[in-house]
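Have a look at the structure below before the remarks.
The values are calculated or read from the model by the stated rules, or taken from the named source; none is laboratory data. Since the model is a prediction, treat every value here as computed from it, not as a measurement. When we count neighbours, we look across all protein chains shown, and the Cβ atoms used for this are built from the backbone with ideal geometry, even at glycine. We work out accessible area using only protein heavy atoms, side chains counted, and drop any ligands, DNA or RNA first. Shrake-Rupley method; radii C 1.70, N 1.55, O 1.52, S 1.80 Å.
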Amino acid sequence: MENISQNTSPPKLIWVNFLRTLGSFLVVLAHTLAHTRGWGPYWITAFYDTLSRNAVPLFFMISGFLLLSKQEDVVTFLKKRAWKILIPFFAWSILYDVYWNQELSKGINVTSLARLLIRVLRGTRAFHLWFLYVLIGLYLFTPILRIFVKQAQSIDFLYFIGLWLIVVPGFAIIQYFTPFTFGFELQFVTGYVGYYILGLYLGKMEFSKKALIFFSALFILGFLFTFLVLFLDIPPRGSVNEIVFRSYLSINIIVMTAASYVLLKFIGGKITGFLPILDVLSKASFGIFLVHPIVLRWMQQSWETLDFSVGTNSSLWTIPLAALIAYLASFILIITLKKIPLIKYIVP
């Protein structure tokens with residue numbers, strides 16, 4: 001492995017488009033699982049569930065690679081990024097609040113709008129929009145992280161990442177298996193900031209064939225561990241301790257995602273065909289993420305209207321097929337919305 005390079009701005013990379021496209025499909029796959037439970041054995045569902053656990057962390061890592069590589073003053077960064085994230089954030093939060101809850105159907109006035117705004121600020125209005133709350137927090141912290149990144153050497157990155165691994169998944173495991181608790185003030189290395197830094201560190205490195213074999217072994221190890229956790233339901237789903245091995249911040253999922261990031265970066269860098277299609281799909285990935293729950297709900301309602309039961313067929317093919325249909329339908333919807341004046345600003 002070579003030390004991290006100090007390029008100030010990443011070039012337009014094919015592998016980034018590849019990861020975005022694959023990541024957006026995996027997000028759709030994850031949420032499709034709730035709508036398509038076929039007859040097949042449960043291990044099939046557990047397999048797809050495990051596979052989809054890479055999706056959200058991969059997006060945090062891609063964001064870290066793209067944003068932390070650049071050097072801009074705080075005002076320029078906030079001007080460029082604020083509207084791109086804040087307009088979709090408020091627009092889709094309001095849309096989902098109205099769509100799911102139908103509260104504004106009782107009448108629109110100053111009080112109802114104020115309550116709507118408060119609900120948005122207090123917490124996510126749809127199950128998938130939590131990602132935007134985390135991303136906005138990382139955006140606000142990015143100008144500070146850029147100062148660290150500009151001066152940091154490889155050992156500095158490894159120190160930060162190592163500390164994050166100890167504080168987040170490490171402490172969680174210790175507290176799960178032992179009565180010990182920790183009272184240290186270490187919030188600055190908690191949460192998803194580790195994925196953010198890790199995405200930049202691994203994204204700017206080139207790996208030898210031996211290193212790729214090592215990461216392949218890490219991926220298999222993380223995948224098998226996560227699969228067994230989901231398949232055997234240990235710890236039980238819904239229990240207080242389920243977060244230890246099921247969360248995006250669990251050590252097994254961190255290992256699996258980091259390894260898949262390196263491997264997919266290598267595979268994406270070798271792609272030579274379908275580049276225009278990949279570019280279009282990549283640009284639509286954020287919009288697909290925003291709209292796909294509505295598409296999935298429409299699909300489920302259509303199945304119920306037609307008296308078609310997805311559960312009468314094998315999960316082996318109904319799950320990925322339904323996910324592909326939802327993905328393509330979301331893509332078509334987003335491409336259409338992008339052509340409508342004003343509306344296009346909520347699907348950048």
Name the single residue, out of those in the stretch 175-196 being part of a loop (DSSP other than H, G, I, E, B), open to solvent by 70 Å² or more (accessible area, probe 1.4 Å) and not charged (D, E, K, R), that is farthest from LEU68 (Cα to Cα). PRO179
Can you name the condition, by its number, that GLY194 falls short on among (1) at pLDDT 95 or above; (2) under 19 Å from TRP43 (Cα atoms)? (2)
When every residue in the stretch 32-84 that is within 22 Å of the chain's Cα centre (by Cα) and not in a helix (DSSP H, G or I) is compared, the one surrounded by the fewest Cβ atoms within 10 Å (Cβ to Cβ) is ALA34
Please enumerate the residues belonging to the stretch 143-165 that are assigned to a helix (DSSP H, G or I), open to solvent by less than 70 Å² (accessible area, probe 1.4 Å) and of a type in the set (A, V, I, L, M, F, W, C). LEU145, PHE148, VAL149, PHE157, PHE160, ILE161, LEU163, TRP164, LEU165
Restricting the stretch 120-131 to residues that are open to solvent by less than 50 Å² (accessible area, probe 1.4 Å) and in a helix (DSSP H, G or I), the residue that is farthest from VAL98 (Cα to Cα): PHE131
Pick from SER69, SER63, SER112: which is of a type in the set (S, T, N, Q), in contact (Cβ under 8 Å) with a residue 24 or more places away in the chain and in contact with a Lys or Arg (Cβ under 8 Å, 6 or more places away or on another chain)? SER69
Of (1) free of Cβ contacts under 8 Å to residues at least 60 places away in the same chain; (2) under 19 Å from LEU198 (Cα atoms); (3) in contact with a helix residue (DSSP H, G or I) (Cβ under 8 Å, 6 or more places away or on another chain), PHE214 satisfies all except one. Which? (3)
How many of the residues in the stretch 264-285 are within 17 Å of the chain's Cα centre (by Cα) and touching a residue at least 40 places away in the same chain (Cβ under 8 Å)? 6
With the requirement that a residue be exposed (fewer than 14 other Cβ atoms within 10 Å of the Cβ) and of a type in the set (Lys, Arg), what does the stretch 203-227 give you? LYS209, LYS210
Somewhere in the stretch 322-339, is a residue over 20 Å from LEU278 (Cα atoms) and either at pLDDT below 85 or not in a helix (DSSP H, G or I) (or both)? no
Selection count where residues are over 28 Å from TYR139 (Cα atoms) and in contact (Cβ under 8 Å) with a residue 40 or more places away in the chain, scope the stretch 166-211: 5
Keeping to the stretch 191-211, report how many residues are farther than 22 Å from ILE155 by Cβ and either within 23 Å of the chain's Cα centre (by Cα) or of a type in the set (S, T, N, Q) (or both). 2
